[in-house]
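Since the structure comes first, as structure tokens, the remarks are kept for the end.
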Amino acid sequence: MNTLPLAEPSSVEAAEASLALARELQPICRSITGDGLRETLRILNREVPLTIREVPSGTQVLDWTVPNEWNIRDAYIKNGRGERLVDFQKCSLHVINYSVPVKATMTRGELEPHLHSLPNRPTAIPYKTSYYREAWGFCVTEQQREALGDGPFEVCIDSSLKPGTLTYGELLIPGSRKDEFLVSTHCCHPYMANDNLSGIVLSVQLAKRLLNSQPRLSYRFLFIPGTIGSITWLALNDSSRIRHGLVLACLGDAGGFTYKKTRLGDAVIDRVVQHCLSYSKTPYAVRDFIPYGYDERQYNSPGFKLPVGTLMRSPNGGYAQYHTSDDNLDFITRDALAGSYEILCAIVDVLEHDGAYLNLKPRGEPQLGKRNLYDRAQDDTLALLWVLNLSDGAFSLLDIAERAKLPFTQIRHAAQRLTAAGLLRPLVNHE
Amino acid sequence: MNTLPLAEPSSVEAAEASLALARELQPICRSITGDGLRETLRILNREVPLTIREVPSGTQVLDWTVPNEWNIRDAYIKNGRGERLVDFQKCSLHVINYSVPVKATMTRGELEPHLHSLPNRPTAIPYKTSYYREAWGFCVTEQQREALGDGPFEVCIDSSLKPGTLTYGELLIPGSRKDEFLVSTHCCHPYMANDNLSGIVLSVQLAKRLLNSQPRLSYRFLFIPGTIGSITWLALNDSSRIRHGLVLACLGDAGGFTYKKTRLGDAVIDRVVQHCLSYSKTPYAVRDFIPYGYDERQYNSPGFKLPVGTLMRSPNGGYAQYHTSDDNLDFITRDALAGSYEILCAIVDVLEHDGAYLNLKPRGEPQLGKRNLYDRAQDDTLALLWVLNLSDGAFSLLDIAERAKLPFTQIRHAAQRLTAAGLLRPLVNHE
Amino acid sequence: MNTLPLAEPSSVEAAEASLALARELQPICRSITGDGLRETLRILNREVPLTIREVPSGTQVLDWTVPNEWNIRDAYIKNGRGERLVDFQKCSLHVINYSVPVKATMTRGELEPHLHSLPNRPTAIPYKTSYYREAWGFCVTEQQREALGDGPFEVCIDSSLKPGTLTYGELLIPGSRKDEFLVSTHCCHPYMANDNLSGIVLSVQLAKRLLNSQPRLSYRFLFIPGTIGSITWLALNDSSRIRHGLVLACLGDAGGFTYKKTRLGDAVIDRVVQHCLSYSKTPYAVRDFIPYGYDERQYNSPGFKLPVGTLMRSPNGGYAQYHTSDDNLDFITRDALAGSYEILCAIVDVLEHDGAYLNLKPRGEPQLGKRNLYDRAQDDTLALLWVLNLSDGAFSLLDIAERAKLPFTQIRHAAQRLTAAGLLRPLVNHE
């Protein structure tokens, strides 16, 4: 049984590295294709060794087609004095993502249908996209909109939408087994910190930790644009070895955890995540699968049925800052990222070490006293007795932990002590 | 897939027709045999094309024997001045159903053991029967009983009990499948409106609606005397094609619904009824099967095990007016009958249209936008996604509706849209 | 079907006999071996015909070894004036059970590490043992300890620990079937009344009752030292015919019942005990199996998996007097013992009479009226109908009682009436 170096880096170090990386990535204008996404993956590739894939526009991927590549250099609304009233350089959310180019002078009346703001959240810029229908527009705060005046305005979106490629990054960390754990995170959202810089940077930290270990499972990390990215990956790659998976998103805010279960509902990953959450000190909620949300929709589609859950803190659509400029670097905290990192490590730890054992003295209890196994805390003795009692081959350590209502780590430790004492052996080779 | 003409008649029209028919039927003195039952079935036959069966007294039916036929022309208790103190012509409940003939002068003391009243409900006449033990008696209000005086009385029950036939009515509406839905209602109760004129008249309305459609299932309606009628039918007919069934009773009062499950407990009919009730605006209760109640006792007996539930509003024995003259035409309302009719139509609608489909683009989500399937209310989109996600052959539309927590009609509509868009096909021919 | 003579002895008579036997047994200094245990079994053998087994020290039993035999004649701590400050003759708990011999004069400082008391329960003597590690010591009240003074003390434990035998008693009451019901009770605790004189004396009463019957099951009673006794029995005997079992302990206090389920969790014994408890008037709690407690640990170990539950009132460790001198004869009551005896009889009664029947008239309901089976209390009629409805071979009387929510005795009585009426027959010979 391998041991992952749990203490390196510490969760606080991992959280601080995550914050630094998020700060570096925030200004880049990401989309589902284009240079912003490409630049983001280049930076991630500096942290962990990614394979970067470029998939040409027009490629058929399952029921979809890879769209044209979108790039943007500048965008603004200027008044008659040439002052930028709305300026893409200040915030990449100001332009509807995938806006076609515009260069025109227009009245307020002509501009109005292309303006988007949030009356109920007057200081926030909304996040809007138009990937599959050609359109253009500006997203502004309600205050900006009110102060615009009547024009005429000089309106410019210096973008391009033409054949190119869709970019995604992939990292496979091979383990002693070919069975894979998929970690998928979307990289297409501009500016916003919780959704989904938090998912990106924590995936990087988890990958770094696993790269420093010799894991049992193989770990596949996907850094992909939402929806079209997972569809593209599924179309072009072999997903048949994926045994467990998590979509990571919205993991940096101060809220409790939200786990959205797989379509199956009682997959191993569902049980593992719930077990780990039940022993964290953070409140949490577990939600049934619904075919709405992030890329888990694609992984859990009936043609793949991959057991991929979704781990979040405040869930998509479930916090007021969601998909606005208020989901910024102030909205994510070191403590929240550290806690999320700890849960991810705990989940990996269970999957790395779960397995069934055989009690080698199954008739009655073996005499613990003569093996110096009895004189410890009562909980530890109870863990030993549970492992002995249930290790008839039908129960894994996770099964035992669930039934004993004890943490997996304690049950695993008991199994190690019993194995060392010659009272237990792995049912199969757990390496 | 066939469409039932849900709007014709409207539930209010059906309820008004039900009330009119109930008014016509109320004065007839029904019993488990005899001319009252025969006359009732003759009137029903005017509404829907019944096959009327006459089964001779003495016929062995399962463990039972068809009893002698009972008829009654008149009955009364007269005082010395020839005044009718108790008069069968005023209310058929005044005579114990199946009373043997009596013609005698007697004292109050002699009459007393043959009088039945309800001390706790002094203005109501109780409903009493003595089918399988020869007896006679009068049912009176507590007030009548107190005012009777000491007699002598002229006591007359002008009835006959002799070999004849047991009568029942049957209607089979053939569907495109031979699988049958059984609707069974007892027709033996005199006078009382909720138990069970309401069941009789709603069965007629439901049959009328189905006669105007080309249903998928075959529908078998039984209008039978309670207990001996279902036993007779089961003895003499083939019940092997019955896949679902409902006993209808007590459906006209203002109470919420009561559904009594089949012996199986999770039969399709149990799930369908509960699904429909959960989306009605009327409160409802679901009860486990017990071998006590109406004809469901016979259908659910171990030699048949037919999945027949019982749909009621206030259940048998569960309302103060039960089996008294207070269960009269004032006790049933147009609104209650309309609501009961709606639920019956909804139940039929689910059973007519349930079935499993195959997602023809099961790998990932098909792109809804390019098919103009995305720009609707969010619930509608979610219904589409649920149908796509679960249509792997293992789940029926009802399964999907239950899991999605959406009404069957919405799930069915989503399936129709997806089928029209070429994204779905029925797993088997659902015609 | 046999009938156990339920009324002989009455539960009050059984409780009074239990109390008398407990009073006789209390002064004997029991341990896991030795003359105290041997004397206890000799007295039990006077009540019921035991087979007494002597297993030599050093015998390998499963993973354990039968320890040396311990005997004790006297023990005390005397002051300088020769007064016994602590006196084994007054209470056998004063010496740590299995203390090695000591005869020395020592200071308070030398004695101190060998003194045990309960600061939170200053008037109680704790119960302590040291079976598998050689040690000696005195258990005293907190008050005795404070009053001891500085010494020097004359300290004596006149014990012996040397090769001998481990003694246990066994009684097999053969039934018409070879399937066994195991009743196991530990006999190693000195002095204490609830734990476990109550278990011992109630086992004797239950055995007496069964000896006076011709039971269907075979009943095996074990009177054994805790842990090493069940391990020894399992090592040396054939347990393969045990179908149900109960460990009896702590059954004399005034608390409600505690039933600890078998490892299986839904064994027949689990269902039977819960059924009986649900109809007793005493509050009760049901606990899941954990591999900690009494001899059920050994029976439920993975190499045996015997379905043995544990019936207690206040559970081990769950009452303040537990394992102290306050668990004395005042702590157990006649009423509590009588109630425990009644539950034991009820449990046996269900296991003796459970079985599946076949409804011989399964098509519809048989006509109860013509067989004079209908004119009883409504509950009795309902019991008849439930038995008829579910007697298709798939349901036992216990299954029916659980589903009907009626007591087993009522369901069994209904089955008897129906069998007598020719409507039912046992699916297999229940004798």
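Key figures for this structure:
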item	result
When residues of the stretch C:391-415 are limited to those that are under 20 Å from residue B:302 (Cα atoms) and touching a His at 6+ places or on another chain (Cβ under 9 Å), the one nearest to the other protein chains (Cβ to nearest Cβ)	C:402
Odd one out for residue B:77, checked against (1) at pLDDT 95 or above; (2) outside any strand (DSSP E or B); (3) more than 30 Å from residue C:371 (Cβ to Cβ); (4) more than 18 Å from the chain's Cα centre (by Cα)	(2)
Condition broken by residue B:100, with the remaining ones in (1) touching a Phe, Trp or Tyr at 6+ places or on another chain (Cβ under 6 Å); (2) within 14 Å of chain C (Cβ to nearest Cβ) satisfied	(2)
Flag if residue C:388 is within 11 Å of another protein chain (Cβ to nearest Cβ) and modelled with pLDDT of 95 or more	yes
Only listed residue being closer than 20 Å to residue C:9 by Cβ and in contact with a strand residue (DSSP E or B) (Cβ under 7 Å, 6 or more places away or on another chain), chosen from C:166, C:182, C:217, C:206	C:206
Candidates A:423, A:344, A:418, filtered to the one that is away from every other protein chain (no Cβ under 14 Å) and touching a strand residue (DSSP E or B) at 6+ places or on another chain (Cβ under 8 Å)	A:344
Count - residues of the stretch C:280-303 that are more than 7 Å from every other protein chain (Cβ to nearest Cβ), within 21 Å of residue C:189 (Cβ to Cβ) and of a type in the set (Phe, Trp, Tyr)	2
Neighbours by Cβ (under 6 Å, 6+ apart or cross-chain): first from the stretch B:194-215, β-branched (Val, Ile, Thr); second assigned to a loop (DSSP other than H, G, I, E, B) and buried (at least 24 other Cβ atoms within 10 Å of the Cβ)	B:200/B:187
Of all residues in the stretch A:50-62 being outside any strand (DSSP E or B) and touching a helix residue (DSSP H, G or I) at 6+ places or on another chain (Cβ under 8 Å), the one that is surrounded by the fewest Cβ atoms within 10 Å (Cβ to Cβ)	A:59
Positions within the stretch A:393-431 being of a type in the set (D, E, K, R) and under 17 Å from residue A:268 (Cβ atoms), in sequence order	A:399, A:402, A:403, A:412
Members of the stretch C:183-199 that are touching a helix residue (DSSP H, G or I) at 6+ places or on another chain (Cβ under 7 Å) and not polar (S, T, N, Q)	C:183, C:186, C:187, C:188, C:189, C:190, C:191, C:193, C:197
Unmet criterion (only one of (1) assigned to a helix (DSSP H, G or I); (2) over 21 Å from residue C:408 (Cα atoms); (3) in contact (Cβ under 8 Å) with a residue 40 or more places away in the chain) for residue C:345	(2)
Test: residue in the stretch A:363-371 that is within 14 Å of chain C (Cβ to nearest Cβ), touching a Phe, Trp or Tyr at 6+ places or on another chain (Cβ under 8 Å) and outside any loop (DSSP other than H, G, I, E, B)	yes
Tabulated pairs, the stretch B:82-96, first in contact (Cβ under 8 Å) with a residue 12 or more places away in the chain and farther than 15 Å from residue B:127 by Cβ, second assigned to a loop (DSSP other than H, G, I, E, B) and polar (S, T, N, Q), C-beta under 8 angstrom, 6+ apart or interchain	B:85/B:79
Looking only at the stretch C:325-342, and only at residues there that are part of a helix (DSSP H, G or I) and aliphatic (A, V, I, L, M), the one that is surrounded by the most Cβ atoms within 10 Å (Cβ to Cβ)	C:337
Any chance residue B:305 is among the charged types (D, E, K, R) and at pLDDT below 95	no
Where residue A:354 falls short, out of the listed (1) within 14 Å of chain B (Cβ to nearest Cβ); (2) within 30 Å of residue A:421 (Cβ to Cβ)	(1)
Strands (runs of 3 or more DSSP E) contained entirely in the stretch B:137-191, each with at least 3 residues that are aliphatic (A, V, I, L, M)	B:153-162, B:165-173
Lone unmet requirement of (1) surrounded by 20 or more Cβ atoms within 10 Å (Cβ to Cβ); (2) without any contact (Cβ under 8 Å) to a residue 40 or more places away in the chain; (3) within 31 Å of the chain's Cα centre (by Cα) for residue A:383	(3)
Single residue of B:232, B:262, B:258 found to be touching a Phe, Trp or Tyr at 6+ places or on another chain (Cβ under 8 Å), surrounded by fewer than 24 Cβ atoms within 10 Å (Cβ to Cβ) and either assigned to a helix (DSSP H, G or I) or of a type in the set (S, T, N, Q) (or both)	B:258
Set C:310, C:324: member being in the same structural domain as residue C:33 (by TED's automatic domain parsing), under 29 Å from residue C:70 (Cβ atoms) and under 18 Å from the mean Cα position of the chain (by Cα)	C:310
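The values are calculated or read from the model by the stated rules, or taken from the named source; none is laboratory data. For clarity, every value in this text was computed on a predicted model and none was experimentally measured. So basically every Cβ, Gly included, is an ideal-geometry build from the backbone, and we count neighbours across all protein chains shown.
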